[in-house]
Amino acid sequence: MKDLFAHLPAAGTLVNALAVVIGSTAGLLIRSRLPENLMKAIFQSIGLFTLFLGVHMASQTGNFLVLIFSLVLGSILGERIDLDGLLQKFGEVLKKRFSKGNDRFVEGFITASLLFCTGSMAILGAIEEGLGGFPNLLFAKSLLDGVSSLALSASLGLGVLFAAIPLVLYQGSLTFFAGAAQTYLSQAVINEMSAVGGLILLGLGLVILDIKAIKVTNMLPGLILAALMAAFFL
């Protein structure tokens, strides 16, 4: 079994995406059977867990200056590029093609995409596989994402299923990048990327709980800047 996955590029990411598709499909099948108050409780639980995960990840930073500068400069870059707007437009294109009657399609797509792509397991798991290791972390993440996608799709609908697309693009790219740049990926680089990802997840948790509207997608360039700053200064 290990030999099979060793010869399949980004096998962990492909299994992860499949888990999201299966979990989302299951959530859509049971969606009509769940009362509204139960779906609200599930959604709030995911929001609280996202906040906790964000705090846990952010605490991994070894340099607060790298953390804050990465996030601030990354947010400025993201605003200039308008990543949030681009992801919204992509979600709208998918909605028009696959789900014209689902008002929460784009919300589900963006929420799930950010949740699945910015966690520490996404970063560490992709790097582990890119460095030639067996994708143990991504397989464990697949199980968690499968359960999360079931709950999210039951609340937000079909858009959650399509989060498998940015998941494959992001984790797959990170896996291949890790393989190409493995000499530069120190533990400090990984920790700072995870810490910035944690702050992004904190923002996502606030959005999920409907506490504050934050364009979390525009903060994503901070992950790249954190890696660069950590590589040069730590």
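Please enumerate the residues belonging to region 188-234 that are assigned to a loop (DSSP other than H, G, I, E, B) and of a type outside the set (Gly, Ala, Ser). Answer for region 188-234, where residues must be assigned to a loop (DSSP other than H, G, I, E, B) and of a type outside the set (Gly, Ala, Ser): Leu209, Asp210, Ile211, Lys212, Ile214, Lys215, Leu220, Leu234.
Table: residues versus (1) within 18 Å of Leu53 (Cβ to Cβ); (2) buried (at least 24 other Cβ atoms within 10 Å of the Cβ); (3) acidic (Asp, Glu).
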site: Leu138; (1), (2), (3): yes, yes, no
site: Lys141; (1), (2), (3): yes, yes, no
site: Leu144; (1), (2), (3): yes, no, no
site: Leu152; (1), (2), (3): yes, yes, no
site: Gly159; (1), (2), (3): no, yes, no
site: Gly179; (1), (2), (3): no, no, no
site: Gln187; (1), (2), (3): no, no, no
site: Ala195; (1), (2), (3): yes, yes, no
site: Leu202; (1), (2), (3): yes, no, no
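Among the helices (runs of 4 or more DSSP H) confined to region 79-148, the ones with at least 2 residues that are in contact with a Ser or Thr (Cβ under 9 Å, 6 or more places away or on another chain) and modelled with pLDDT under 85 are located at 120-130.
Looking at Ser99, Ser70, which is the one that is closer than 16 Å to Ile190 by Cα, surrounded by 14 or more Cβ atoms within 10 Å (Cβ to Cβ) and polar (S, T, N, Q)? Spell out how you get there, then give the answer.
Numbers: Ser99 fails: closer than 16 Å to Ile190 by Cα.
From the options Ser99, Ser70, the qualifying one is Ser70.
Selection of first residues in region 208-222 that are hydroxyl-bearing (Ser, Thr, Tyr) and of second residues that are in a helix (DSSP H, G or I), restricted to Cβ pairs under 6 Å at least 6 apart or on distinct chains, gives the following pairs, ordered by first then second residue: Thr217/Leu83; Thr217/Asp84; Thr217/Leu87.
Say we look at region 137-154 and pick out the residues that are over 13 Å from Ala26 (Cβ atoms) and of a type in the set (Gly, Ala, Ser); which of these is nearest to the chain's Cα centre (by Cα)?
Of the residues in region 137-154, the ones over 13 Å from Ala26 (Cβ atoms) are 137-144.
With of a type in the set (Gly, Ala, Ser) added as a condition, the list becomes 140, 142.
Numbers: Ala140: 15, Ser142: 12 Å.
Of everything passing the filter in region 137-154, Ser142 is nearest to the chain's Cα centre (by Cα).
Here Val216 fulfils each of the conditions (1) modelled with pLDDT under 85; (2) buried (at least 24 other Cβ atoms within 10 Å of the Cβ) apart from (1).
Scan Leu71, Leu53, Leu34 and give me the residue that is modelled with pLDDT under 90, at negative phi and either outside any loop (DSSP other than H, G, I, E, B) or among the aromatic types (Phe, Trp, Tyr) (or both). Give the steps one after another, and end with the answer.
Values: Leu71 fails: modelled with pLDDT under 90; Leu34 fails: either outside any loop (DSSP other than H, G, I, E, B) or among the aromatic types (Phe, Trp, Tyr) (or both).
Going through Leu71, Leu53, Leu34 in turn, just one is modelled with pLDDT under 90, at negative phi and either outside any loop (DSSP other than H, G, I, E, B) or among the aromatic types (Phe, Trp, Tyr) (or both): Leu53.
With respect to being closer than 22 Å to Ala126 by Cα and loosely packed, with under 15 Cβ neighbours inside 10 Å, Thr183 fits the description.
If you filter region 21-44 down to residues that are touching a residue at least 24 places away in the same chain (Cβ under 8 Å) and of a type in the set (Ser, Thr, Tyr), you find that the one that is farthest from Leu161 (Cα to Cα) is Thr25.
Out of region 21-78, which residues are of a type in the set (Phe, Trp, Tyr) and within 19 Å of the chain's Cα centre (by Cα)? Even if it seems obvious, please write down each step before you answer.
In the first step, residues of region 21-78 are kept if they are of a type in the set (Phe, Trp, Tyr); the result is 43, 49, 52, 64, 69.
Correct list: Phe43, Phe49, Phe52.
The values are calculated or read from the model by the stated rules, or taken from the named source; none is laboratory data. Every value quoted in this text rests on a predicted model; they were computed, and no experiment measured them. Glycine also receives a Cβ, built like all others from the backbone with ideal geometry; neighbour counts cover every protein chain displayed.
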